[in-house]
Amino acid sequence: MKNNSKLIGTGMLTAITASLCCITPVLALIAGTSGIASAFSWIEPFRPYLIGLTVFVLGFAWYQKLKPQKEIDCECETDEKPKFIQSKRFLGIVTVFAIVMLAFPYYSGIFYTNTEKQITVVYKSDIKTTEFKIDGMTCASCEAHVNHEVNKLNGIVNSKASYEKGNAIIEFDKTKTNELEIEKAINSTGYKVTDKK
């Protein structure tokens with residue numbers, strides 16, 4: 001029974017660790033400390049292994065919990081109810097928690113408030129598009145964080161960050177904002193602009 005509790009704890013720990021790089025930007029936004037968002041981006045390359053470990057550990061814990069117990073000829077009284085932490089219900093809660101944590105990058109955008117605004121463009125010639133190369137983004141949550149910060153600026157027409165390409169393509173009204181302000185907004189998230197075109 002103690003072994004099963006250790007498996008459950010390990011499964012929960014690996015699920016949290018696998019999603020730490022994606023949860024940090026949301027926690028940073030909530031706490032108002034955007035700069036720490038990229039602190040756990042180094043975990044991203046290990047995410048597939050951590051997911052595999054989580055699935056293996058929780059699968060083994062379920063196997064241990066559901067396998068038939070051997071009958072022992074004993075005159076002892078064993079009608080004792082197992083502790084909650086050793087129950088199937090607790091293992092089920094941990095499994096659901098692990099699934100929610102592992103899927104976090106896919107629904108993390110709901111935590112960012114909608115920063116879209118009505119844009120009034122006086123002259124089309126005032127609209128400029130710049131690509132910012134960004135270091136440190138590892139998932140959709142990172143993209144949402146960058147877009148959220150950039151869209152707070154006045155004059156942003158469109159912001160499209162991509163962690164896969166390591167960039168953000170920003171369309172803006174150059175009479176209302178400039179590349180330096182946009183770069184500062186991106187850098188404030190903890191991810192760093194390395195180049196702009």
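The values are calculated or read from the model by the stated rules, or taken from the named source; none is laboratory data. Predicted, not measured: the structure shown is a model, and the values here were computed from it. Heads up, the Cβs are rebuilt from the backbone with ideal geometry, glycines too, and the neighbour counts pull from every protein chain shown.
A single entry from LYS184, LYS152 fulfils the requirement of being surrounded by fewer than 23 Cβ atoms within 10 Å (Cβ to Cβ), modelled with pLDDT of 90 or more and either over 18 Å from ILE127 (Cβ atoms) or touching a helix residue (DSSP H, G or I) at 6+ places or on another chain (Cβ under 9 Å) (or both): LYS184.
So is PHE172 at pLDDT below 85 and among the hydrophobic types (A, V, I, L, M, F, W, C) or not? Judged against the criteria, PHE172 is not a match. Cβ-Cβ distances below 8 Å connect the following pairs, each with a first residue in segment 42-55 that is modelled with pLDDT under 70, a second residue that is part of a helix (DSSP H, G or I), and a separation of six or more residues or different chains: TRP42/CYS21; ILE43/THR17; ILE43/ALA18; ILE43/LEU20; ILE43/CYS21; ILE43/LEU50; GLU44/CYS21. Would you point out which residue out of THR95, THR130, THR138 is surrounded by 14 or more Cβ atoms within 10 Å (Cβ to Cβ), in contact with a Lys or Arg (Cβ under 6 Å, 6 or more places away or on another chain) and at pLDDT 80 or above? Result: THR130 is the single residue among THR95, THR130, THR138 that is surrounded by 14 or more Cβ atoms within 10 Å (Cβ to Cβ), in contact with a Lys or Arg (Cβ under 6 Å, 6 or more places away or on another chain) and at pLDDT 80 or above. Confirm whether LYS124 is modelled with pLDDT of 80 or more and surrounded by fewer than 20 Cβ atoms within 10 Å (Cβ to Cβ). Yes, satisfied. Within segment 187-197, if we keep just the residues that are surrounded by fewer than 21 Cβ atoms within 10 Å (Cβ to Cβ) and in contact with a strand residue (DSSP E or B) (Cβ under 7 Å, 6 or more places away or on another chain), the residue that is farthest from ASP135 (Cα to Cα) turns out to be LYS197.
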